[in-house]
Structure formats: C-alpha cells, structure tokens
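Enquirer: Starting off with a structure, shown below.
Derivation of every value follows stated rules applied to the coordinates shown; laboratory data play no part. These numbers come from a predicted model, not from an experiment. When we count neighbours, we look across all protein chains shown, and the Cβ atoms used for this are built from the backbone with ideal geometry, even at glycine.
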Amino acid sequence: MGIVRAHLLISGMVQGVGFRAHAQRQAELLGVRGWVRNLADGRVEAAAEGTQEAVEAFIAWCRRGPAMARVDGVKVEWELPQGATRFEVLATR
C-alpha cells in the first residue's frame, strides 16, 4: 500500500489547549509520521504521512481536536511523501 502526505492548517481555538501533544499521540496510535507546530498567527500546522486510511483518520481527528479545543477549519493540501520516520512536535514558526 502506498504512502501519502497531507499538509494541514488548523484554525480555531487550537493553541494552549494541548492540541500538539494530543495530535502527536493520535498520530502515533494511527502509525502516522510527520510533525505538528504552532504558528504565530494562532493556527496549528501539521504534516502527516502514512497510508491513505491512516492519514485520513488523522485529518478527521484534527477536525475535532482534543476536548478543550474548538476547531473552526482544517485546510488540507496533498503533497508528495518526504520519508518522515516519526511524528514530532516542532517549535513555533
């Protein structure tokens, strides 16, 4: 089965609510690799690589987020896989 990659921009009340840590945990449960980070404008950005099914499940989770979050929107762009080997929380950009 092939590997796909999605780039996500998540908006709403998604910073200061544990979004990145929960996203990392969810990605690891799903077998998704990539990264997540806060953006200076209040959004969260993520890249997710894995099987189509796993990445779509991760995107679906991002549309809900953790209990304290309020997700208003998730912009998804499909990209070529880059060979990520784990899921990381990166510094704010």
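Enquirer: For labels at Met13 and Asp72 in the simple 7 Å Cα→Cβ model, what's the distance in nm?
Expert: For Met13 paired with Asp72, the spin-label model returns 1.2 nm.
Enquirer: Compute the signed sum of charges (Lys and Arg +1, Asp and Glu -1) over the other residues within less than 14 Å, Cβ to Cβ, of Val4.
Expert: With Lys, Arg at +1 and Asp, Glu at -1, the neighbours total -3.
Enquirer: In degrees between 0 and 90, to the nearest 10, how far off the longest principal axis of the chain does helix 52-64 point, with axes built from Cα atoms?
Expert: So the helix axis and the longest Cα principal axis differ by about 10 degrees.
Enquirer: Mind telling me which of Trp61, Trp78, Trp35 comes out most flexible in a GNM of the chain, alpha-carbon contacts under 10 Å?
Expert: Trp78
Enquirer: Against the globular-protein guess of 2.2 N^0.38 Å, express the Cα radius of gyration of the chain as a ratio, rounded to two decimals.
Expert: For the chain, the normalised Cα radius of gyration is 0.96.
Enquirer: Could you go through region 26-34 in sequence order and give the Karplus-derived ³J(HN,Hα) for each residue, using 6.51 cos²θ - 1.76 cosθ + 1.60 with θ = phi - 60°, rounded to whole Hz, and x for Gly and Pro?
Expert: 5, 4, 5, 5, 8, x, 8, 10, x
Enquirer: Then there's this: Would you grab the residues whose amide H sits under 5 Å from the one on Gly18? Only those 5+ places off in sequence or on another chain, please, with H modelled 1.01 Å from N.
Expert: Close amide H contacts, sequence-distant or interchain: none at all.
Enquirer: I want the local charge near Ala48. Using Cβ-Cβ distances under 14 Å, sum +1 for each Lys or Arg and -1 for each Asp or Glu among the other residues.
Expert: 0
Enquirer: Also, quick follow-up: Okay, helix-only estimate at 222 nm for the chain: each DSSP H run of n ≥ 4 adds -39500 (n - 2.57), divide by all residues, round to 500 deg cm²/dmol; what do you get?
Expert: Result for the chain: -8500 deg cm²/dmol, rounded to the nearest 500.
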